[in-house]
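Notes follow the structure.
Bear in mind that the values in this text are calculations on the coordinates, not laboratory data. Values in this document were obtained by computation on a predicted structure and should not be read as measured data. Glycine gets a Cβ as well: all are built from the backbone with ideal geometry, and neighbour counts include every protein chain shown.
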Amino acid sequence: MNWLLLIIAGLFEVGFATCLGQARISDAGLRTWWLAGFIVCLCVSMLLLYRASQGLPIGTAYAVWTGIGAAGTALVGIVLFKEPADGWRLFFLFTLIASIIGLKAFTR
């Protein structure tokens, strides 16, 4: 259950980063809504990270949480914000995801 909470927390981290990206490119009317989404996603993400860390080592939980957020945000940036997707960037995203899986596999 703690791993599921951690994965969801990481997805909410992607959500708050995406909201920041959208707020950056939105007009003043929509910017407020994107910033509100940022605050909601941030709070949910932190709460779920806290709950997951009750049953997982904090170093592992934090590393996985930031890894999911970093990889997910980079993928959203490529798809939604048309950021570059060159070979090296994709290679390092793959190694980041592999590292997250490795932490899950070897954490008791």
Set of region 1-22 residues, backbone N closer than 12 Å to the point 7 Å along the Cα-Cβ line of Gln54: 2
Ascending count of other beta-carbon atoms within 10 Å, so fewest first, for Ser53, Ser99: Ser99, Ser53
Local electrostatic count, Leu56, Cβ distance below 12 Å [Lys/Arg +1, Asp/Glu -1]: +3
Simple spin-label estimate for Asn2 and Ala36 in nanometres, 7 Å along Cα-Cβ: 3.6
Span from the region 71-108 Cα centroid across to the region 44-58 one, whole angstrom: 21
Filtered chymotrypsin sites (Phe, Trp or Tyr not before Pro), region 72-107: DSSP coil and at most 16 other beta carbons within 10 Å: Phe81, Phe106
Region 44-83 residues near the modelled Asp27 label - backbone nitrogen below 15 Å, point 7 Å along Cα→Cβ: none
Whether the chain is rounded, prolate or oblate, judged on the alpha carbon gyration tensor where a/c under 1.5 counts as rounded: oblate
Computed lengthening from Leu75 to Ala63, 0.36 nm per intervening residue step minus Cα-Cα distance: 2.5 nm
